[in-house]
1. Find all pairs meeting these conditions: Cβ atoms under 9 angstrom apart; at least six residues apart or on different chains; first residue within region 243-258 and at positive phi; second residue at pLDDT 95 or above and of a type in the set (A, V, I, L, M).
2. Among the residues of region 156-198 satisfying the criterion of being farther than 24 Å from R71 by Cα and assigned to a loop (DSSP other than H, G, I, E, B), which is nearest to the chain's Cα centre (by Cα)?
3. How many of the residues making up region 153-171 are surrounded by 19 or more Cβ atoms within 10 Å (Cβ to Cβ) and either at positive phi or touching a helix residue (DSSP H, G or I) at 6+ places or on another chain (Cβ under 6 Å) (or both)?
4. One residue is enough: does region 169-178 have a residue meeting the conditions modelled with pLDDT under 95 and over 21 Å from Q247 (Cα atoms)?
5. Test L90 against the stated conditions and say whether it is at pLDDT 95 or above, open to solvent by less than 60 Å² (accessible area, probe 1.4 Å) and under 16 Å from S156 (Cβ atoms).
6. Of all residues in region 129-155, how many are within 20 Å of G36 (Cβ to Cβ) and in a strand (DSSP E or B)?
7. Can you tell me which condition R192 does not meet? The list is (1) within 30 Å of K141 (Cα to Cα); (2) open to solvent by 40 Å² or more (accessible area, probe 1.4 Å), and all the others hold.
8. Search region 246-264 for residues being among the charged types (D, E, K, R) and more than 16 Å from the chain's Cα centre (by Cα), and hand back the single one that is nearest to A199 (Cα to Cα).
Amino acid sequence: MESALCLLDGSPSASARWNRTNRSELGIYCDQGSAGNFPELRPVRTSYNFGWSGFTAGVGDMHFTKTGDKRFQLEASGRTIGLVRAWWKLDASYRGLANAETLRPIESKQTEIYRRKKLVTDLTFTDSGVARTRTEGTGVKTTKPFNFPELFDLHSGVLYLRSQSLSDHSVYRIVVYPATSAYLTTVTVLGRERVSVRAGTYNAIKVDLQLKRLGKNLELEPHRKFRRATIWISDDANRIPLRIEAQIFVGTVFAELQAMRFDQDKT
């Protein structure tokens, strides 16, 4: 069984042309990417460790909330630590807003501070696409539009997928624009299993994630640095990411849940 935002017939012409007017001729069938029926996530704070080959290289914290004007907000920060920080210093922060009813992205801001440079990426989403503004240091600023309907960013894409049924062997495809490029993201539900992380042992949904970059003419291209990832999500009312193992150009890297606390819980 397959559920998807965009299904391609796999032909070269289909992968090269995505505009809405000729989708039917190309064998591309798209729904509206409607939010599913799974209950929305409660406000929660989570912390993660990041690294590779069992070696912790960074830490991060996230705070998910719902604002008074019916928006979902995700605030996150992370940094490298220990020996890794000595040769690769990075402090990063993120803030994203999504419509709480449609799960569509509204805007996001990502800041990366390295030892010798600072990059700020601002994304503003509309029904027709996204406008990206990138600032390097204190002066150089570039703005670039990307026109493609029904885009997600990383935050809203996770919320959309979380809202779906996620039944075993189902497949979901969405187009995600996380920072500087758009990717056709294919998520396949592999099944259910038990998984242990630092935060505890959980029943989990195991999924496979693959990416294809959309080129200048909307042709599908391989991702140069990312191969695929396996993600475990808690199989409960929360559906919190528990562990991610990604195969990239330097090997296998991971992110693992260290702690979780809902805002209404007593401290």
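The values are calculated or read from the model by the stated rules, or taken from the named source; none is laboratory data. The shown structure was predicted, so the numbers you read here are calculated from the model rather than taken from an experiment. Virtual Cβ from ideal backbone geometry, glycine too; neighbours counted across all protein chains shown. For the accessible areas, the whole protein counts, side chains as well, though only heavy atoms, and no ligand, DNA or RNA atoms are used. Shrake-Rupley method; radii C 1.70, N 1.55, O 1.52, S 1.80 Å.
1. Sorted first by the residue in region 243-258, then by its partner, the list stays empty.
2. S181
3. So the answer is 1.
4. No: zero hits.
5. Criteria not met by L90.
6. Total satisfying the criteria: 1.
7. Going through the list (1) within 30 Å of K141 (Cα to Cα); (2) open to solvent by 40 Å² or more (accessible area, probe 1.4 Å), R192 breaks only (1).
8. So, considering only residues that are among the charged types (D, E, K, R) and more than 16 Å from the chain's Cα centre (by Cα), the one nearest to A199 (Cα to Cα) is R261.
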